[in-house]
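Worksheet: the structure to be examined is printed underneath.
The values are calculated or read from the model by the stated rules, or taken from the named source; none is laboratory data. These figures come from a predicted structure and were not determined experimentally. Backbone-built Cβ (ideal geometry, glycine too); neighbour counts: all protein chains shown.
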Amino acid sequence: MSALQETDPKVFQAIENEKIRQSEGIELIPSENYVSAAVLEANGSILTNKYAEGYPGKRYYGGQENTDIVENLARDRAKKLFKCDHANVQPLSGSPMNQAVYMAFLKPGDTILGMDLSHGGHLTHGHPVSHMGKIFNFVRYKTHPENKGKIDFDELMKVAKETQPKIVLCGYTSYPRDYDYSDFKKIADEVGAITMADVAHIGGLIAGGVMRNPFDYGFDIVTTTTHKTLRGPRGGMILCKEKFAQIIDKSVFPGLQGGPHMNTISAIAVALEEALQPEFKEYAAQVLKNAKALAQTLMDNGVELITGGTDNHMMVANTVSSFDLDGTDAEKTLDKVAITVNKQVIPDDPKPPLRPSGIRIGTPAATTRGMKEEEMKKLGKWIAEALKNHDNEEKLAEIKEQVKTFCKKYPVPGIKA
């Protein structure tokens, strides 16, 4: 009997059930992935006991010889992967990493140019329900769905000149296109703004060399989470030019956070080391191949994608127009067949956030399990078939058994058989 099973059998059983759920079904939420056994081991290590306020060589507690090694490894590996001058690996997740950047450079009321939530942006990019949206003046730009989700940069330049933002922010949580960072840089240079890219979703694809790196286009700040496509634990990183290193570090600690989670930072270091290996480049390339295969299969089977395809690892489907089914019911329907997606707003969605018009689908986790284009075609057909038959419980049960049998061929990393 394990220590957890003996001490708290209810928590133990919930975790065991989650292992079964992950093994017998497939995660297609774009922001989710499976970590390696090594990352799990580091994340659950004895480093969870250690307070380490401050930075390597400048801590506020004693006994830091091992934490300094771990954090320096993570920072050095991040700099190598993303070709940047400085890396802060202490942000606890994606939201605080972005908040730390805003707080570093702005005063309350200053303007940030960021993407509208329904068009693909994140809550921290200025949605009114976010605390950041109350502190700063966010001017939110939109895409053009009728033009496959492209951004009108002439229009954006005009808006920037009118509003004079201090930060020009590009980044997304549900935008299936790549960014032309050079266009954002031109706009920022024109108005004297700092360039910031939130690449939380595609950090692993940039590290794997299959998507553009904002630093290659002269960007000042890049933020990314360490889970999602990077296949690490849940955390965040702020990457920047050397001239911004001190102000960023001070903004994270003591400005926003206290003691960093050293167990998580150790797991980040492990994940970054894995991302430096040649196999990770192959993985990143396969994620994109799989996304295109899945997107095409969905469209071939009557699913409307808001951008008519994808340039990255994700796609957003309009389930109302495709199946007269809102995103919440579509998500629940796919749960019944052991395919996990998430409900998602579409551009200028007429429906409320908890009953949106679409779902968001991605390939990072499926690719980690070894699935390729042919497997994506099967998944795409099952998704369309399940949504078409959302009120047929017998048919849904049949698809679920097919999915469970299929998933047995692709073990989840870190879960012992």
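Quick one: is V222 crowded, with 17+ Cβ neighbours inside 10 Å and under 23 Å from the mean Cα position of the chain (by Cα)? Don't jump to the end; show me each part of the working.
Values: crowded, with 17+ Cβ neighbours inside 10 Å: yes; under 23 Å from the mean Cα position of the chain (by Cα): yes.
Judged against the criteria, V222 is a match.
Looking across segment 311-324, the residues that are surrounded by fewer than 21 Cβ atoms within 10 Å (Cβ to Cβ) and assigned to a loop (DSSP other than H, G, I, E, B) come down to D311, D324.
Of the helices (runs of 4 or more DSSP H) lying entirely inside segment 163-251, those carrying at least 2 residues that are small (G, A, S) are 181-191, 203-207. Would you check if K250 is of a type in the set (K, R), closer than 16 Å to A104 by Cα and modelled with pLDDT of 95 or more? Spelling it out, K250 is indeed of a type in the set (K, R), closer than 16 Å to A104 by Cα and modelled with pLDDT of 95 or more.
Assess whether I112 counts as being surrounded by 15 or more Cβ atoms within 10 Å (Cβ to Cβ), at pLDDT 90 or above, in a strand (DSSP E or B) and β-branched (V, I, T). Yes; evaluated as a whole, the condition is true for this residue. For segment 58-99, the set of residues classified as within 16 Å of G235 (Cβ to Cβ) and either small (G, A, S) or exposed (fewer than 14 other Cβ atoms within 10 Å of the Cβ) (or both) consists of A74, A78, A87, S93, G94, S95, listed by residue number. Restricted to segment 128-150, and to residues there that are within 12 Å of G114 (Cα to Cα) and in a loop (DSSP other than H, G, I, E, B), the residue that is modelled with the highest pLDDT is F136.
Considering each of K416, K404, K351 in turn, give the residue that is of a type in the set (K, R), under 30 Å from E274 (Cβ atoms) and touching a residue at least 24 places away in the same chain (Cβ under 8 Å). Of the residues listed, the single one that is of a type in the set (K, R), under 30 Å from E274 (Cβ atoms) and touching a residue at least 24 places away in the same chain (Cβ under 8 Å) is K404. Among residues of segment 145-169 that are surrounded by fewer than 15 Cβ atoms within 10 Å (Cβ to Cβ), those with a beta-carbon under 8 Å from a residue that is of a type in the set (D, E) at least six positions away or on a different chain give the pairs K161/E190.
Out of I206, I238, I202, I need the residue that is β-branched (V, I, T) and either over 30 Å from N318 (Cβ atoms) or free of Cβ contacts under 8 Å to residues at least 12 places away in the same chain (or both). Which one? Lay out the reasoning, then the answer.
Details: I206 fails: either over 30 Å from N318 (Cβ atoms) or free of Cβ contacts under 8 Å to residues at least 12 places away in the same chain (or both); I202 fails: either over 30 Å from N318 (Cβ atoms) or free of Cβ contacts under 8 Å to residues at least 12 places away in the same chain (or both).
Criteria check complete, one pass: I238.
Look at (1) part of a loop (DSSP other than H, G, I, E, B); (2) in the same structural domain as I69 (by TED's automatic domain parsing) and you find that G308 fails only one, number (2). Candidates in segment 325-346 are the residues that are part of a loop (DSSP other than H, G, I, E, B) and touching a strand residue (DSSP E or B) at 6+ places or on another chain (Cβ under 9 Å); of these, the one that is farthest from L305 (Cα to Cα) is A338. Based on this model, can you work out whether T195 counts as touching an Asp or Glu at 6+ places or on another chain (Cβ under 7 Å), at pLDDT 95 or above and crowded, with 18+ Cβ neighbours inside 10 Å? The answer is yes for T195.
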